[in-house]
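K.L.:
I have a structure I would like to understand better, so I am pasting it below and will then ask my questions one at a time.
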Amino acid sequence: QTPIKVTFNNLRTKEELAGKLAKQIEVDSISLLQYITDTTFLNNLQLTTDNVVCLFIPNTYEFYWNTSAEEFTNRMISEYANFWNEDRKKKANKLQLNYYEVSILASIVEKEQNIKTDERPDIAGLYLNRIKKKMKLESDPTLIFSLGDFSINRVLNKDKKVDSPFNTYIYKGLPPGPICIPSINAIDAVLNATKHDYLFMCAKEDFSGYHNFATSYRKHLRNARKYQKALNKRKIMR
């Protein structure tokens, strides 16, 4: 057989991944989901159903069309091992995060900034600062993931009360798994995070896609009011 190119990126969940792959190779989505959520499989790799997607590094790969769920997953495990080279391992160790934790944080960074990727190291640095200070991450994209409504453009205060382990407004530290399957760019943004003192950020009121950063909550509130005013002006309510 002639190998075919299989690509996956911009996916949120293992279900989306399985569906995407089923359209490109013979493996059906149910068999893949069953394989990667099998207790023995997860225990062998010290994974859970929440963070198993960390294994899958978005990229373009070559596969034979009749690749099975086991063959696909074994290939992804091999690619994952190659991805975590000595340079990336050293950087993760310096951050005092394991590889899965790096991917979880990278998923938050990716969803916080999916337009201006050059800002991702700054955002990663902010969240690392919050982790060091044992502050809640308070990330809006984790609320959207918790709610399961990915059409939301404006998070409301009532959303912050949703009881989910992924809600970083309620629970300290990283969520139990990624809120998307993070790209290589986002993972490397965490590993090469900018060093600064920022603890807060808010989208810029000019809708440029960038953020206003702040070291104090008082300054952050000023930035937030400017953005809320801009949202109201554009009548973006949800």
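The values are calculated or read from the model by the stated rules, or taken from the named source; none is laboratory data. If you're wondering where the values come from, they're calculated on a predicted model, not measured in any experiment. Virtual Cβ from ideal backbone geometry, glycine too; neighbours counted across all protein chains shown. To get the accessible areas, we keep the full protein, side chains included, count just its heavy atoms, and leave off ligands, DNA and RNA. Shrake-Rupley method; radii C 1.70, N 1.55, O 1.52, S 1.80 Å.
K.L.:
I'm trying to understand the selection: among the residues of segment 182-202, which are part of a helix (DSSP H, G or I) and polar (S, T, N, Q)?
P.N.:
Asn185
K.L.:
Let me ask another. I'd like to check which helices (runs of 4 or more DSSP H) are fully inside segment 18-116 and have at least 3 residues that are at pLDDT 95 or above, aliphatic (A, V, I, L, M) and open to solvent by less than 10 Å² (accessible area, probe 1.4 Å).
P.N.:
By residue number, 99-112.
K.L.:
Output the qualifying pairs, or none if there are none: Cβ atoms under 9 angstrom, residues six or more apart or on different chains, first residue in segment 161-175 and closer than 14 Å to Leu147 by Cα, second residue basic (Lys, Arg) and not in a loop (DSSP other than H, G, I, E, B).
P.N.:
Asn167/Lys160; Asn167/Lys161; Tyr169/Lys160; Tyr169/Lys161; Ile170/Lys160; Ile170/Lys161
K.L.:
Which residue pairs have Cβ atoms closer than 7 Å, lie 6 or more positions apart in sequence or on different chains, and pair a first residue in segment 219-238 that is farther than 17 Å from Ser208 by Cα and open to solvent by 90 Å² or more (accessible area, probe 1.4 Å) with a second residue that is at pLDDT below 90 and of a type outside the set (Phe, Trp, Tyr)?
P.N.:
Close Cβ pairs satisfying both conditions: Met237/Arg154; Arg238/Ile152; Arg238/Asn153; Arg238/Arg154.
K.L.:
Now for a different question. Pull out all pairs, ordered by first then second residue, where Cβ-Cβ is under 7 Å, the residues are six or more apart or on different chains, the first lies in segment 111-123 and is closer than 17 Å to Asn10 by Cα, and the second is surrounded by 21 or more Cβ atoms within 10 Å (Cβ to Cβ) and among the β-branched types (Val, Ile, Thr).
P.N.:
Lys111/Ile179; Glu112/Ile123; Gln113/Ile123; Arg120/Val109
K.L.:
Exactly one of (1) assigned to a helix (DSSP H, G or I); (2) farther than 18 Å from Met135 by Cα is unmet by Glu205. Its number?
P.N.:
Against the list (1) assigned to a helix (DSSP H, G or I); (2) farther than 18 Å from Met135 by Cα, Glu205 comes up short only on (1).
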